[in-house]
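Read through the structure below, which is laid out as structure tokens, and then see the notes.
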Amino acid sequence: MDDFYRENILDHYRYPRHKGHLEDPDIHYHDVNPFCGDEITLELKVEDDRIVEAAFDGKGCAISQASASMLTEELVGMTLEEVRQLNKDYIIDLLGIPIGPVRLKCALLPLKVLKAGVWGLEEWPE
Amino acid sequence: MDDFYRENILDHYRYPRHKGHLEDPDIHYHDVNPFCGDEITLELKVEDDRIVEAAFDGKGCAISQASASMLTEELVGMTLEEVRQLNKDYIIDLLGIPIGPVRLKCALLPLKVLKAGVWGLEEWPE
Amino acid sequence: MTASTPTLQVAPMPTVAEIRKDFPILQQEVHGHPLVYLDSTASSQKPVQVIEAMDEYYRTIHANVHRGVHTLSEAATTAYEDARLKVARFINAPSTKEIIFTRNTTEGLNLVAYSWGRANLKPGDEVLITEMEHHSNIVPWQLICEITGATLRYVPITPRGELDYDALSQLLNEKTKVFAFTAMSNVLGTINPVAELVARAHAVGAIAVVDGAQSVPHLKTDVQALDADFLAFSSHKMLGPTGIGVLYGRKEILQAMPPFLGGGDMIREVKLSGSSWNDLPYKFEAGTPAIAEAVGLSVAIDYLNQVGMDWITEHERQITAYAWEQLQQIEGLRILGPDPERRGGLLSFIFGDIHPHDIASILDMQGVAVRAGHHCAQPIHDHYGISASTRASFYIYNSLDEVDRLVAALHQAKDIFSF
Amino acid sequence: MTASTPTLQVAPMPTVAEIRKDFPILQQEVHGHPLVYLDSTASSQKPVQVIEAMDEYYRTIHANVHRGVHTLSEAATTAYEDARLKVARFINAPSTKEIIFTRNTTEGLNLVAYSWGRANLKPGDEVLITEMEHHSNIVPWQLICEITGATLRYVPITPRGELDYDALSQLLNEKTKVFAFTAMSNVLGTINPVAELVARAHAVGAIAVVDGAQSVPHLKTDVQALDADFLAFSSHKMLGPTGIGVLYGRKEILQAMPPFLGGGDMIREVKLSGSSWNDLPYKFEAGTPAIAEAVGLSVAIDYLNQVGMDWITEHERQITAYAWEQLQQIEGLRILGPDPERRGGLLSFIFGDIHPHDIASILDMQGVAVRAGHHCAQPIHDHYGISASTRASFYIYNSLDEVDRLVAALHQAKDIFSF
Ligand SMILES: Cc1ncc(COP(=O)(O)O)c(C=O)c1O
Ligand SMILES: Cc1ncc(COP(=O)(O)O)c(C=O)c1O
């Protein structure tokens, strides 16, 4: 129990960082998890191939929302090329919990939306 | 072995009775066994709802051809209503051998053709 | 196959404790707690008799069916066709020719939509389904309407989670060529009056397609009494293996339909210039079928018959009534769908604003397996303005104690998410 | 699942005697004689490792996949997706997204014909197949050509039972949109040069669809080296269970294709107004899949890998060469198809004018299981002016002794029918 709903996950879920919308985002992307219907919208402002602002909106479980919150925190300052390198393990490390293949899809939804929005990669990160 | 290829089955296969064609048959029907491609054509002459002549032609295994030969022997003199009553067990008795569901289809092909030709029953006899 | 005789024969009335002994998977612990499996609506567990029958089939009689004359092939064909007879009797179908083996309910419904639909639907025609359908009874009709130009209409549902019969009367009319509906909703638990809905369809000249995925495993089914034209269901939801399902179809309609999948077994003759089709039911079974799975399904039906469908229905009614009472008392929990008297053995609910995934994960940590999500029925969830729900479902092997475990686990979830 | 480790690990080179120990069904007697199973082309037998893995799956981890977050569902999803990865590696597919689980080869070929065909074929286009195809690779194309108005053409075969390459050069042209052919004929044993045929198809802008039902179980397969666009095969012919097959498809092509069956799992979002589709491979897997069967197939692949595909091919080559020699010496027996060097492990023949059914029945009485009939390939038989043939086929567990048993039984048949 404690493992899965660690305090920091619940904390990001309760008080999500970067939740909301940007004015005139350079990148705006939205997608759903087909297996459960959860949704994430991601907005970015980019300067010189570097992310300068990030925001997300969405509805879903603690895992997907905490993942979005944690990810957007990391995004600011990242280059688009760095975004391309982000993978499944990056998110697992960020969350810091053991996670099976079904819940993993929840956790990866924000990253999927990010990579689709930035690079047109329409697949679940591997 | 002896059970399956009894002398009388081989005898009917070697020397088929009523093999050939009738002049101006009243009933003529042809069908195949979809599971193996064997074929039977049956021709009948009918007077007052009673079969007066019967002939078959076809290609196939000893079981289907012996079954056709034995069946045509029995047909002469039979009423069409009696034909309607003929079922699977009738053929099994006629052949007098134990038979599984796949070879049974071989054995029943002549009866199937008969009932389709006489009564329009397009199904394997049950 | 001696494995096919359930151990229940001696007991005049089965008890859940006896039944549970036949289900090896239920003996395990999950996260240190005895497993409470409340997800049979998604897929049921299998009794050891079913597992052993398939094992035995592979160890003693496997071969390809229908076209082999050697002993194993004759034996495999007999086993496969005996399963078809067993299925026919189980739903009281007049003939085995009306029993088509599919992969699952979904394939059965697609078969009807593609084959019957492509031959019979045209622009101006209407297909009527309901808002409480599983995606399997929605998407095939969306696809075939797009192909044929027919129009798809939906019967709305009432706030209580039942069909809106006033709307139905309007929507079902002489333009309707097919009315397809579920016998039991997998989200709301609503049991629809199948015979009445079939009669209504027939009254306007439409065929009636029944999604029996949730009804056949739980309620005694008689296709002749229901007068249904088609009924689709899945083995894996009724104690049988994965990989096989059934489509019952009325003979006259099946005979008139073009084939669906082409290949081995479904043909009469193949010529380079074209082909003709085999008799029913083979016309609709292309390629090597799920033979071992048919054997497993056949033994699952033996098991259900031995326990008794009436016993099963009554057993589920009792658990559901109890669970309803208990869940009602949890503050912030709202059950979707009708009262216990008008529903089958499942309860979907929302619980405050805790996301169903989180509820299910927390329950799982306590050994309680429930399903969370849209349960392949997004339109119902849209109807209630939610994107997901949590569902607990009951079957032959569940007990009242397990309901208590569910309730306790829900209280835990509340504690974790109470902020 | 410890059951997934074949017992062969210790032996550097397997022997048939060791392998046979893993196949319980081969230990039996038929009509008082030890069973000689020479019908693996129709369906192979299963090693105990495969049987036990499925048993174990049902006893410990069964649940529905993909949409459940409880422990069993996560475990079942892992098992199912691991099987997909195993299949991808086995045929060297670049990505698991390109592996679609079907019921069998037949369904895979129908999926391509219906989905790709409906979207891409129009009057004036040509579909090219060959006269040596199994009905599964003929009938779907006949059906889709009728629906789309495209024209179906056939590559003829030479008297030696190989493709007529002169005719092929004519028939394969810029009108050809798809060239579908078998990698190995299930009647003639002919092994077609897949990579070369694919290259020829690509040279005229056609896609290449390969029926791998007979090649994947017997020959090392590398879809990237072959450059095939689609490859379909069946689990039950490669030591795996019934009820599951595989369609490999090139990602770009699959992505552009409309879905085939509609229902659960294959959707992204279902709205009353229409639906959108899930990512690959799920877009093409509607409804609850054959989960236990995927687990069984995965262990069958482990088994094949452990024995080694090269060993299997070489083993079959030796038996086939020996059988060829022996059968050639039987007076009145004529083998169909090419010489042993250019064929896989099967021999179809005609024997005087004894009907193949009768041959097979007489062989069966001596415990020898062969197949008789048109083997779902009527056009080949029409080509030779016959309606049926008898086929003996060999696999991993067959021995040279068994060929001797076959030969002896054939002499018996001759005695019975010598009149
Ligand atoms: C060459 C070939 N293609 C296709 C098939 C069809 O396989 P399945 O019946 O498993 O769909 C077979 C099997 O008989 C075959 O030998
Ligand atoms: C009402 C209903 N219809 C159809 C289905 C689809 O069944 P399957 O996935 O076995 O095809 C389900 C199962 O979830 C269901 O509950």
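The values are calculated or read from the model by the stated rules, or taken from the named source; none is laboratory data. Note that the structure is a prediction, hence the values are computed from the model and not measured. Methodologically, a virtual Cβ is constructed for each residue, glycine included, from the backbone with ideal geometry; neighbour enumeration extends over all protein chains shown.
Tally time: how many residues in the range D:236-257 are within 13 Å of ligand 1 (Cβ to nearest atom) and among the hydrophobic types (A, V, I, L, M, F, W, C)?
Of the residues in that region, 4 qualify.
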Kindly indicate whether D:VAL139 is within 16 Å of ligand 1 (Cβ to nearest atom) and more than 14 Å from chain C (Cβ to nearest Cβ).
no
C:THR96 passes all but one of (1) crowded, with 19+ Cβ neighbours inside 10 Å; (2) more than 9 Å from chain D (Cβ to nearest Cβ); (3) within 21 Å of the chain's Cα centre (by Cα); which number fails?
(1)
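Among residues belonging to the range D:142-158 that are within 16 Å of ligand 1 (Cβ to nearest atom) and within 10 Å of another protein chain (Cβ to nearest Cβ), point out the one that is farthest from D:GLN170 (Cα to Cα). Lay out the reasoning, then the answer.
Taking the range D:142-158 first, the residues within 16 Å of ligand 1 (Cβ to nearest atom) are D:142-143, D:154-155, D:157.
If we keep only those that are within 10 Å of another protein chain (Cβ to nearest Cβ) as well, we get D:142-143, D:154.
Details: D:GLN142: 21, D:LEU143: 24, D:TYR154: 11 Å.
Top of the filtered list is D:LEU143.
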Determine which single condition D:PRO6 fails, assuming it passes every other condition in (1) more than 12 Å from every other protein chain (Cβ to nearest Cβ); (2) closer than 16 Å to D:ALA294 by Cα; (3) modelled with pLDDT under 95.
(2)
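Per-residue answers, yes or no, for (1) in contact with a Ser or Thr (Cβ under 8 Å, 6 or more places away or on another chain); (2) in contact (Cβ under 8 Å) with a residue 60 or more places away in the chain; (3) not assigned by TED's automatic domain parsing to the domain that holds D:ALA290:
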| site | (1), (2), (3) |
| --- | --- |
| D:SER73 | no, no, no |
| D:ALA76 | no, yes, no |
| D:TYR80 | no, yes, no |
| D:TRP141 | no, no, no |
| D:GLU146 | no, no, no |
| D:TYR154 | yes, yes, no |
Condition met for D:GLU29 (out of contact with any helix residue (DSSP H, G or I) (no Cβ under 8 Å at 6 or more places or on another chain) and surrounded by fewer than 24 Cβ atoms within 10 Å (Cβ to Cβ))
yes
Among the listed residues C:ALA195, C:ALA206, identify the single one that is over 30 Å from C:THR320 (Cα atoms) and touching a residue at least 12 places away in the same chain (Cβ under 8 Å).
C:ALA206
Considering only the range B:65-74, I want to know if a residue exists there that is free of Cβ contacts under 8 Å to residues at least 40 places away in the same chain and not in a helix (DSSP H, G or I).
no
So, in the range A:25-38, of the ones that are under 18 Å from A:VAL118 (Cβ atoms) and of a type outside the set (Val, Ile, Thr), which residue ends up surrounded by the most Cβ atoms within 10 Å (Cβ to Cβ)?
A:ASP31
The condition of being assigned to a helix (DSSP H, G or I) and not aromatic (Phe, Trp, Tyr) holds, among C:ILE319, C:ILE350, only for C:ILE319
Do you know which of the residues in the range D:182-211 that are near ligand 1 (Cβ under 10 Å from one of its atoms) and away from chain C (no Cβ under 14 Å) is nearest to D:VAL112 (Cα to Cα)?
D:ALA183
Yes or no: the range C:165-176 includes at least one residue that is away from ligand 1 (no atom under 16 Å from the Cβ), at pLDDT 95 or above, touching a Leu at 6+ places or on another chain (Cβ under 8 Å) and within 29 Å of D:ILE147 (Cα to Cα).
yes
Any residue at all in the range C:212-235 that's at pLDDT 95 or above, within 16 Å of ligand 1 (Cβ to nearest atom) and touching a strand residue (DSSP E or B) at 6+ places or on another chain (Cβ under 7 Å)?
no
In the range D:374-401, which residues are hydrophobic (A, V, I, L, M, F, W, C) and either out of contact with any helix residue (DSSP H, G or I) (no Cβ under 6 Å at 6 or more places or on another chain) or not in a loop (DSSP other than H, G, I, E, B) (or both)?
D:ALA377, D:ILE380, D:ILE386, D:ALA392, D:LEU400
Of (1) within 14 Å of ligand 1 (Cβ to nearest atom); (2) under 30 Å from C:ILE25 (Cα atoms), C:GLY264 satisfies every one except (2)
Lone unmet requirement of (1) within 14 Å of another protein chain (Cβ to nearest Cβ); (2) in contact with a strand residue (DSSP E or B) (Cβ under 7 Å, 6 or more places away or on another chain); (3) modelled with pLDDT under 95 for D:ALA294:
(3)
Tell me yes or no: at least one residue of the range C:229-247 is away from ligand 2 (no atom under 16 Å from the Cβ), surrounded by fewer than 24 Cβ atoms within 10 Å (Cβ to Cβ) and in a loop (DSSP other than H, G, I, E, B).
no
Filter the range D:16-34 for residues that are within 11 Å of another protein chain (Cβ to nearest Cβ) and free of Cβ contacts under 8 Å to residues at least 24 places away in the same chain; the one that is nearest to D:LEU239 (Cα to Cα) is D:ILE25
With respect to C:GLY263, is the statement that it is away from every other protein chain (no Cβ under 14 Å), on the phi > 0 side of the Ramachandran plot and assigned to a loop (DSSP other than H, G, I, E, B) true?
no
Would you be able to tell me the number of residues in the range D:266-286 that are in contact with a His (Cβ under 9 Å, 6 or more places away or on another chain) and facing chain C (nearest Cβ under 7 Å)?
4
Inspect all residues belonging to the range D:245-267 and state whether any of them is touching a Pro at 6+ places or on another chain (Cβ under 8 Å) and of a type in the set (Lys, Arg).
yes
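Only one of C:TYR58, C:TYR114, C:TYR80 is closer than 30 Å to D:ARG118 by Cβ and within 12 Å of another protein chain (Cβ to nearest Cβ); which?
Of C:TYR58, C:TYR114, C:TYR80, the one residue that is closer than 30 Å to D:ARG118 by Cβ and within 12 Å of another protein chain (Cβ to nearest Cβ) is C:TYR114.
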Which of the residues belonging to the range B:93-103 are under 16 Å from B:TYR5 (Cβ atoms) and either free of Cβ contacts under 8 Å to residues at least 40 places away in the same chain or assigned to a loop (DSSP other than H, G, I, E, B) (or both)?
B:LEU94, B:GLY96, B:ILE97, B:PRO98, B:ILE99, B:GLY100
